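Presented below is the structure to which this report refers.
Readers should treat all values here as calculations from the given coordinates under stated rules, not as data from a laboratory. Remember, predicted model here, so these are calculated numbers, not experimental data. Here the Cβ positions follow ideal geometry from the backbone for every residue, glycine too, while neighbour counts run over all protein chains shown.
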Amino acid sequence: MKLADLDVIVTAPPPPGWGGQYWLLVKVTTDTGVTGWGECYASSVGPEAMTAVIRDVFQRHMAGESPENVELMYRRAYSSGFTQRPDLTVMGAFSGLEMACWDILGKDRDCPVWALLGGKVNDRVRAYSYLNPLKTHKLPEFWGDADMAVESALDLVSRGYTAVKFDPAGPYTIRGGHQPSLYDIETSARFCAKIREAVGPKADLLFGTHGQFTAAGAIRLAEAIQPYSPLWFEEPVPPDAPEAMAKVASAVSIPVATGERLTTTVEFAGALAHGASILQPALGRAGGIWQGKKISVLAEAAGAHMAPHLYAGPIEWAANIHLCVSIPNLLIAETIETPFHDQLIKGTIRVEDGYIPAPTAPGLGIEVDEDLARAHPFTGTGLHLEMQSEPVRYDAPQLFAGGAPVKI
């Protein structure tokens with residue numbers, strides 16, 4: 001069995017648009033007719049350019065190869081162009097293609113992917129979700145309103161979720177890292193206080209930032225939210241500043257989490273060495289499922305937990321879940337529940353009372369609605385996620401509604 005054909009579908013999730021402006025789906029078919037699906041989480045270049053990269057990586061390093069040889073194909077892609085260093089774009093392309101190889105292998109051998117990764121350790125996977133606006137909430141006011149955030153948190157808890165994530169600490173800009181404004185610190189503390197009071201011990205608070213701050217700025221912010229015992233302080237400094245992350249980790253009591261913008265074991269080993277205690281690989285960028293398994297082993301040896309990241313579509317989510325089922329140091333997995341996420345995989349994997357049962361169907365355990373994906377082509381000009389160009393303001397509150405425009 002050899003990898004033979006590739007198709008790339010760029011699909012744009014309809015309103016509300018959680019998960020980014022578009023998703024890069026790959027469909028790989030073998031010479032024996034077995035089809036595998038993957039998702040590339042890469043946004044440094046536009047979807048047209050990224051599609052060309054995906055095709056190049058496939059033709060150059062994978063076409064004609066057995067889908068079993070994921071390590072060999074990874075080494076080819078990692079070393080491409082005399083590099084042998086982490087490359088977000090190339091690894092993003094390879095990650096989705098590698099994911100499809102595992103889907104193929106599971107289908108060919110009539111077993112779920114987790115069975116090929118050492119078997120089942122967890123019968124179910126604990127899920128968390130961002131606090132997103134309810135139908136009664138106004139935008140953009142929601143993003144800075146702690147009372148609306150409480151209503152969203154209580155809605156998630158009522159559905160069985162035991163952790164909720166929010167990021168009220170102001171904008172992420174091309175100028176990061178920066179010092180938080182006093183408005184951002186005040187807003188963050190207010191969110192934590194009100195959500196903690198509302199949910200009590202029923203749910204962990206996951207405090208998200210996106211590499212916004214300098215080490216000193218992150219420490220100032222952490223001191224304001226520490227009384228509410230968040231489970232983690234996510235990506236407090238830019239991903240290219242591991243020494244700064246070490247300063248934060250040594251100065252605050254909140255566990256530091258990071259990983260959505262890192263790729264391969266090389267960068268995750270560096271994160272562990274600089275104080276991260278919770279790793280958040282996005283398998284569509286980190287190198288794929290096998291790299292994810294290796295990253296989990298690094299974390300296990302360091303006494304760290306895994307909490308796979310998701311700001312993409314349901315195919316990457318499915319890959320995350322199979323990894324989670326197979327590892328002993330699982331903490332939790334990010335989840336996005338929208339009708340489009342569910343419809344795109346025909347409801348084959350779902351959250352049940354705050355947990356995701358281990359998939360039982362062969363491969364990734366999903367059935368992709370290819371017609372639905374093609375019926376929602378991306379026609380915009382932006383990237384999957386984008387940062388603010390304007391500098392941070394210190395004279396007034398500044399709302400930031402996430403990295404992608406909300407299409408409502």
Query - Structure-based [θ]222 nm, the chain - -39500 (n - 2.57) summed over DSSP H runs of at least 4, per residue, nearest 500 - result: -11000 deg cm²/dmol
Query raised in the report: Counting alpha carbon pairs within less than 8 Å and at least 6 residues apart, what relative contact order, in whole percent, applies to region 250-322?
Result: 32
Query raised in the report: Which ³J(HN,Hα) values, rounded to whole Hz and listed in residue order, are derived for region 166-173 from phi using the Karplus coefficients 6.51, -1.76 and 1.60 in 6.51 cos²θ - 1.76 cosθ + 1.60 with θ = phi - 60°, glycine and proline given as x?
Result: 8, 9, x, 8, x, x, 9, 10
Query raised in the report: Quick one: if the Förster radius is 30 Å, what FRET efficiency do Ala396 and Glu243 give, using the C-beta to C-beta distance and rounding to 0.05?
Result: 0.40
Requested in this report: Would you grab the residues whose amide H sits under 5 Å from the one on Ile349? Only those 5+ places off in sequence or on another chain, please, with H modelled 1.01 Å from N.
Outcome: none
Query raised in the report: Under a GNM of the chain (C-alpha, springs under 10 Å), which listed residue has the highest mean-square fluctuation: Ser296, Ser95, Ser229?
Result: Ser229
**Report entry** On Cα atoms only, tilt of 182-199 relative to the major axis of the chain in degrees
**Finding:** 80
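Quick one: compute the contact order of the chain, relative version, from alpha carbon pairs under 8 angstrom and 6+ residues apart, as a percent. The partial results should precede the final answer.
On the way: 911 pairs, mean separation 97.1, N = 408.
Rounded, it is 24 percent for the chain.
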Report task. Return one number: the angle in degrees, 0 to 90 and rounded to the nearest 10, between the long axis of the Cα atoms of helix 215-225 and the longest principal axis of the Cα atoms of the chain. Result -> 70
Report summary line: Among Lys107, Lys138, Lys293, the residue with the largest mean-square fluctuation in a Gaussian network model of the chain built from Cα contacts under 10 Å is Lys138
**Report entry** Mean shadow area of the chain, taken as a quarter of the surface of its Cα convex hull (nm²)
**Finding:** 17.8
Requested in this report: State the Cα centre-to-centre distance between region 247-298 and region 149-217 in whole Å.
Outcome: 21
**Report entry** Packing-based exposure ordering (other Cβ within 10 Å, fewest first) of Asp371, Asp7
**Finding:** Asp371, Asp7
Report task. Work out the charge dipole of the chain with +1 on the Cβ of Lys and Arg and -1 on the Cβ of Asp and Glu about the Cα centre, then indicate which of Gly208, Val297, Pro67 is farthest towards its positive end. Result -> Val297
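Just how large is the dipole of region 115-364 about the Cα centre, in debye to the nearest 20, putting +1 at every Lys and Arg Cβ and -1 at every Asp and Glu Cβ?
Values: 20 positive and 25 negative charges, 82 e Å.
Charge dipole of region 115-364: 400 debye, to the nearest 20.
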Query raised in the report: So what is the relative contact order for region 318-408, in percent, with contacts set as C-alpha pairs under 8 Å and at least six apart?
Result: 23
